[in-house]
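Participant: Below is one structure. I have some questions about it.
No value in this document is a laboratory result; all are computed from the given coordinates. None of the values given here were measured: they were computed from a predicted structure. Every residue, glycine among them, receives a Cβ derived from its backbone with ideal geometry; neighbour counts consider all protein chains shown.
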Amino acid sequence: MTAAPDRADVPRSAPVRLWEDGFAADPRRYYAALRAQGPVGWAELAPGVPAYLVTDRSAALDVLRDPETFSHDPRAWEETVPADSPVLGMMRWRPNALFADGAAHVRYRATLIDVFDLVEPHDLRARVHRAVRLLAGRIGPRGEADLVGDFSRPLMALVLNDLFGLPDSQGDRLDEGLGKMMEGGAQAAEGEAQYARYVLELIEAKAERPGDDLPSRLLAHPAGLTREEVTWQVFLTLGAGYEPTANLLSNTLSRILGNPAYYSTLTSGARPVMDAVVEVLHHETPLANYGVYYARRPAVLHGVRLRDAVPVVVSYGALGLPHGPRGGEGAPLAGGEDAGGRHPRDASHLSWGAGPHACPVRQHVLLLVTEAIERLTQWLPDLAPVLPRERLSWRPGPFHRSLTALPVRFAPRSPDQPGVPS
Ligand code: HEM
């Protein structure tokens, strides 16, 4: 927060419409328009649903690190939007860590950290390897695949269902419900209902027959969460895990494959996969606009007086782009320097958030994504993109940066061939 005089009570610029299809095609143009308004821009998340978009790093940190001024509780905002608003699925209040403040937040968050702490790196690695083996065995003989639909998304469904104690066969249900909800479009309400059913059935089953899995550990946690609270914690965690991690995976693969020089050094081990992941976190982060906060009282943020019950959204997507006439046209495709002349590793990004709500499982995610890519490229060392990167298409929606498909070709390979990892 700043004590600077407020620049404007009512924003004077027309809102930048993040729900338009054009946003997915060229987000930098939209972020540049927001930045042209100053550190805090005026946007729409859905038609008629306004939000402040924070596109400046220092303003973002002021929001993220000031829970006295900024709440995560959306209930006052919910009163202001129509009951059928397509963004409600992603933004409505539920009793879980993401929508709680203060002591309630600490209680919920501690239970999540405790149950994820029990997932040891070697165990997670083994689960990722199993999933890659399954999927690579399926696509290997075909010689072509879509690394979004045939790899990144089913991989996350396999790994998460494994951790949450569900059979592999449930993956498609998870994919369908969550996918629609995340896009925040016409099918969002249907997706939210499908996904809620999925989680409710899961918690009922685990309450009856506990297993060695995350929901059973949450149900048995000494914090004594009610069954309803566990349901919404799982709703948050499966959702927070599935979409952004699948997108981190496919965005990283597309960056690697989009640069043949990068790819050849990667398979020889000269460039760790982690470099490519970090580049994505800097320049193409999957959870682009989902740090959603609400001012608890009249407040001025970097010169903008905030209206009541209007979301203040930290734009992790805009923060990562170098400043420039078009919002960072020069962001590197792979391994270069950003427009500020720094190697991506030298500057920190905020893609895990910051402050009390920062992503609690980033180490798990980094391990999962790097293992998956290393294993896949060991199985199929000659992956070649079918389309140049500029012809790839992206899913609509204000919250995420998510490829529709990533088609590749390779020499067909069967699982029993020599040299294929077991
Ligand atoms: C298995 C994968 C993941 C799980 C289970 C997970 C879980 C969570 C949870 C439970 C929270 C809420 C924490 C709280 O409110 O105290 C959270 C926050 C967050 N996560 Fe993750 N996450 C995952 C992957 C990712 C990925 C891939 C990204 C993006 C690179 C990401 C970025 C964030 C951010 C930015 C926040 C904070 C949002 C805010 O500002 O309020 N997460 N995550």
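Participant: Based on the Kirkwood radius over alpha-carbon pairs, what is the Stokes-Einstein translational diffusion coefficient of region 357-422 at 20 °C with 1.002 mPa s viscosity, in µm²/s? Show your work: numbers first, answer last.
Facilitator: Details: Rh = 14.8 Å.
It diffuses with D of about 145 µm²/s by this estimate.
Participant: Given labels modelled 7 Å from the Cα in the Cβ direction, how far is it in nm from HIS122 to ALA384?
Facilitator: About 4.1 nm, to one decimal.
Participant: Could you give the length gained on full extension between GLN417 and SER169, defined as 0.36 nm per residue of separation minus the Cα-Cα distance, in nm? List each step's numbers first, then the result.
Facilitator: Values: separation 248, 0.36 × 248 = 89.28 nm, distance 2.66 nm.
Result for the pair: 86.6 nm of gain on full extension.
Participant: Report the calculated FRET efficiency for GLU228 and SER348 (r = Cβ-Cβ distance, R0 = 45 Å), to the nearest 0.05. All intermediate terms of the calculation are to be shown ahead of the outcome.
Facilitator: On the way: r = 38 Å, r/R0 = 0.84.
Computed FRET efficiency for GLU228 and SER348 comes out at 0.75.
Participant: Still on this structure, I have one more. Could you work out how far apart the two model spin labels at ILE113 and ARG391 are, taking each label as a point 7 Å from the Cα in the direction of the beta carbon, and quote it in nm?
Facilitator: For the pair ILE113/ARG391, the computed spacing is 4.9 nm.
Participant: A further question follows. Could you tell me how far the Cα centroid of region 195-244 sits from the Cα centroid of region 91-144, in Å?
Facilitator: One Cα centre to the other: 12 Å.
Participant: Can you give the extra length, in nm with one decimal, that the chain gains between GLU208 and GLU176 once fully stretched, where that is 0.36 nm per residue apart less the Cα-Cα distance? Show your work: numbers first, answer last.
Facilitator: Values: separation 32, 0.36 × 32 = 11.52 nm, distance 2.61 nm.
Stretched out fully, the GLU208 to GLU176 stretch lengthens by 8.9 nm.
Participant: Follow-up question, since we're still on this one. Taking GluC sites (Glu not before Pro) that fall in a DSSP loop and have at most 11 other Cβ atoms within 10 Å as cut points, what is the longest piece of the chain between them? Don't jump to the answer; show the numbers that get you there.
Facilitator: Details: sites that count: GLU68, GLU79.
Here the longest run is 80-422.
Participant: Take every DSSP beta bridge with both residues inside the chain and express the antiparallel ones as a percent of the total, to the nearest 5. Walk me through the intermediate numbers first.
Facilitator: Numbers: 20 of 26 bridges.
Percentage antiparallel, nearest 5: 75.
Participant: A further question on this structure: Could you tell me the relative contact order of the chain? Use alpha-carbon pairs under 8 Å, at least six residues apart, and round to a whole percent.
Facilitator: Values: 712 pairs, mean separation 112.3, N = 422.
Computed over the chain, the figure is 27 percent.
Participant: Still on this structure, please answer the following. Tell me, what is the Rg over Rh of region 16-409, with Rh the Kirkwood radius over Cα pairs? Each step should come with its number before you reach the end.
Facilitator: Working: Rg = 20.3 Å, Rh = 21.4 Å.
Using Cα coordinates only, the ratio equals 0.95.
Participant: Along the charge dipole of region 40-171, Cβ charges K/R +1 and D/E -1, which of VAL87, VAL40, ALA110 sits furthest on the positive end?
Facilitator: ALA110
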